[in-house]
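The values are calculated or read from the model by the stated rules, or taken from the named source; none is laboratory data. Please read all numbers here as calculations on a predicted model, not as lab measurements. Note: areas computed on protein heavy atoms with side chains; ligands, DNA, RNA excluded. Shrake-Rupley method; radii C 1.70, N 1.55, O 1.52, S 1.80 Å.
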Amino acid sequence: MKIGLISDTHSHLDPKVFDHFKMVDEIWHAGDIGDQSVIRDLQKFKPVRAVFGNIDDKIIQSEFPEDLWFDCEGFKIWMTHIGGAPPNYNPRVKKILKEKMPDIFICGHSHILRVKKDPNYHNMLYINPGAAGNHGFHLMKTVIRFELIKKEIKKMEVIELGKRGAIN
């Protein structure tokens with residue numbers, strides 16, 4: 001399963017996403033979608049799994065959950081928008097991690113690209129793809145592409161889309 005992971009588009013979908021994600025099987029959006037046109041364009045392109053973020057309106061919130069749990073290629077995945085980062089998860093996430101343990105935890109919100117194994121939580125893989133939109137303090141727009149194959153993660157790539165606010 002080839003995955004394109006994106007977050008924090010904030011109503012801006014860089015057209016380069018379509019080139020970089022043309023070979024993926026699914027796109028996972030970790031929240032702060034912004035305008036509905038962003039998610040509709042992604043859905044026309046590939047199957048999408050998404051969660052809502054703190055800037056998303058009631059329509060997006062009614063279509064997508066705050067927490068998305070699913071299995072993919074033998075991995076238990078949890079995606080939510082606001083999670084914190086290892087070892088400083090927010091209280092809500094810490095509480096859930098005491099009850100349920102994913103293999104891969106995906107969140108957005110911070111606009112900080114980070115991929116890290118967390119030894120405090122059974123070596124759970126933490127992934128935040130950074131921000132792909134123009135709103136925020138990040139300097140570079142980023143997405144991540146990777147493959148999940150029979151309980152193995154392969155070919156993980158960070159893709160830089162260009163500087164925030166740059167005209168495409």
Segment 121-167, Cα convex hull volume normalised per residue, Å³: 86 Å³
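Where Rh denotes the Kirkwood radius from the mean inverse Cα pair distance, what is Rg over Rh for segment 69-129?
Radius of gyration relative to Kirkwood radius: 0.92.
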J(HN,Hα) series, segment 117-131, from Karplus relation 6.51 cos²θ - 1.76 cosθ + 1.60, nearest Hz, glycine and proline x: 7, 10, x, 6, 10, 6, 6, 4, 8, 9, 9, 10, x, x, 10
Other-chain or far-sequence residues with amide H under 5 Å of Phe52's (modelled H): Glu66
Computed [θ] at 222 nm, deg cm²/dmol, the chain (DSSP H ≥ 4; -39,500 (n - 2.57); rounded to nearest 500): -4500 deg cm²/dmol
In sequence order, calculated HN-Hα J values of segment 79-84 (Karplus, 6.51, -1.76, 1.60; Hz; x Gly/Pro): 10, 8, 7, 9, x, x
10 Å binning of all Cα-Cα separations within the chain, expressed as whole percents from 0 upward: 11, 43, 37, 9, 0
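Where the accessible area of segment 46-165 is counted over protein heavy atoms with a 1.4 Å probe, how much of it, in %, is carbon and sulfur?
The C+S portion of the solvent-accessible surface of segment 46-165 is 53 percent.
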Aspartates and glutamates whose Cα lies under 12 Å from that of Lys16, excluding same-chain neighbours fewer than 8 positions away: Glu160
